[in-house]
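Comments concern the structure below.
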Amino acid sequence: MTLKQNIPLKAFNSFACDINAKYFTTIQSNQDIEVAFDWFKQNNTPYLVLGSGSNILFTKEVEALVLKMEIKGIQKTNETASAVYLSVGAGENWHHFVSYCVQKGWGGIENLSLIPGTVGAAPIQNIGAYGVEVKETIEKITAFDTHTGEWVTLNKLDCDFGYRNSLFKKEKNRYIISKVDFCLQKQPKLRTDYGAIREVLHQKEIQNPSLEDISNAVVLIRTQKLPDPKKLGNAGSFFKNPTISKSQFETLKIKNDDIMAFPISDTEYKLAAGWLIEHCGWKGVKKGHIGCFEKQALVIVNYGNGTGKEILAFSEEIIQSVFQKFGVLLEKEVNVY
Ligand code: FAD
Ligand code: NAP
């Protein structure tokens, strides 16, 4: 194991927070994980797995061993008339994997195009976009259980996936994911239920879209609407969309006729957190180095040398104002360290 000390993490987190890791190593194999485990046990030091750092907010120095996940490889493990089974290293770039599948004509994850990050982090919050969640295509996960020191294979049910949630978020810092196995479809059912995708296909006069058309549409929409972390620090949506009861929704609807909400069951509604934040007047607001993105209020941006603490304080102000105006408590989606 090549152990480095006092490594700046600014280039390894999409908010570009300028903090250091006390210890840092890269992980290229399962054996690297075992060696790192022995080291942090012997040295009584905590650890933190880091993918691309696109869903993490560093608010303090990292007094831990950072394991930068770099296990690569996409392997076909099985194929039937209708499906393809793939085993993918946790350090593969997510969008690279999506593009590979789209190019091969294997469907199921095309709506998740251009989500930053690694394959190994995708199950952590069960990444989702445009009506698709990654759990739909996951077969099993190979992970190192740091509580027992054993390798485990977890199937979809074990992973306890939910909306932007999973076993890995609930049992924080227990599992180190090294490999994710997917099942993709050769004749996929394409998902165009989200208005933005339909609009692009309509504009381009595409009536029978291919996987590539869907992927291209998502890439176009995202490029136009979201800040590029390479140019403007951010971690995508800072908050989850809140779920409220039907009766609370009906009360809110009386005063806010145009409230953006979607029924998710007979008794519950999902509210668009971005709508709530925008209607509290935050969209485009800038305070010092930190701001609420002008094209999507759900995204908090770091305009320069903002610190994690400043970003956190800004997010708390948003939470308070949404609660005061609508009585709805926003929950952070980003992992705060
Ligand atoms: P990191 O930020 O490095 O890590 C996230 C968490 O997972 C940390 O707690 C980390 O410890 C843990 N972790 C990472 N890898 C492993 C591993 N191998 N084993 C165990 N734990 C691990 N998310 C969506 O769901 N949908 C979107 O549409 C979306 N759009 C985004 C757009 C932008 C512009 C940005 C910046 C972010 C967006 N995100 C979105 C959030 C982010 O891209 C995803 O959460 C992504 O999966 C994070 O991957 P990462 O490798 O950067 O994870
Ligand atoms: P949008 O289209 O402006 O819609 C706002 C919200 O309404 C979304 O969060 C979405 O919920 C919900 N929504 C819209 N159409 C819907 C439909 N037909 N059925 C059910 N719910 C619907 O959202 P956006 O900000 O441009 O994002 C587009 C997609 O990319 C969303 O799915 C969003 O989750 C995803 N995204 C996620 C992140 C992240 O960091 N997590 C960042 C950027 C974009 P859902 O979020 O539940 O889909």
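Laboratory data are not the source of any read-out in this text; all were calculated from the coordinates shown. The structure presented is a predicted model; accordingly, all values stated were derived computationally and were not measured. So basically every Cβ, Gly included, is an ideal-geometry build from the backbone, and we count neighbours across all protein chains shown.
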Fill in the blank from the handout: For segment 176-185, in residue order, the Karplus 3J(HN,Hα) values (coefficients 6.51, -1.76, 1.60; θ = phi - 60°; whole Hz; Gly and Pro = x) are 10, 7, 10, 7, 10, 9, 10, 10, 10, 9
Practice task
Subtracting the Cα-Cα distance from 0.36 nm times the residue separation, let me have the gained length for residue 303 to residue 172 in nm, one decimal.
Solution key: 44.2 nm
Practice task
Round to the nearest 0.05 the FRET efficiency obtained for residue 207 and residue 85 when R0 = 41 Å and r is the Cβ-Cβ distance.
Solution key: 0.85
Practice task
Identify the residues of segment 26-50 with backbone N under 16 Å of a label point that sits 7 angstrom from the Cα of residue 160 along the Cα-to-Cβ direction, or state none.
Solution key: none
Exercise for the section: Mind checking which aspartates and glutamates have their Cα closer than 17 Å to the Cα of residue 170? Skip sequence neighbours fewer than 8 apart in that chain. Expected result: 145, 158, 160, 331, 333
Exercise for the section: Report the relative contact order of the chain, percent, no decimals, based on alpha-carbon pairs under 8 angstrom and at least 6 residues apart. Expected result: 16 percent
Exercise for the section: Based on the mean of other Cβ atoms within 10 Å per residue, sort peptides 316-322, 128-134 so the most packed one is first. Expected result: 128-134, 316-322
Handout entry: Rough spin-label spacing in nm, given labels placed 7 Å along Cα→Cβ, for residue 231 and residue 265
Key = 4.2 nm
Fill in the blank from the handout: Result row for the chain, helices from DSSP H with C-alpha axial extent 20 Å or more and mean Kyte hydropathy at least -1.0, is 211-225, 308-326
Fill in the blank from the handout: The percentage of Cα-Cα pairs in segment 54-200 separated by more than 22 Å is 40 percent
Fill in the blank from the handout: Residue span residue 272 to residue 323: 0.36 nm per residue of separation minus Cα-Cα distance leaves a gain in nm of 16.9 nm
Problem - Value of D in µm² per second that Stokes-Einstein yields for the chain, Kirkwood Rh from Cα pairs, at 37 °C (0.692 mPa s) - result: 155 µm²/s
Problem - Separation of the residue 41 and residue 187 label points, Cα + 7 Å toward Cβ, nm - result: 5.0 nm
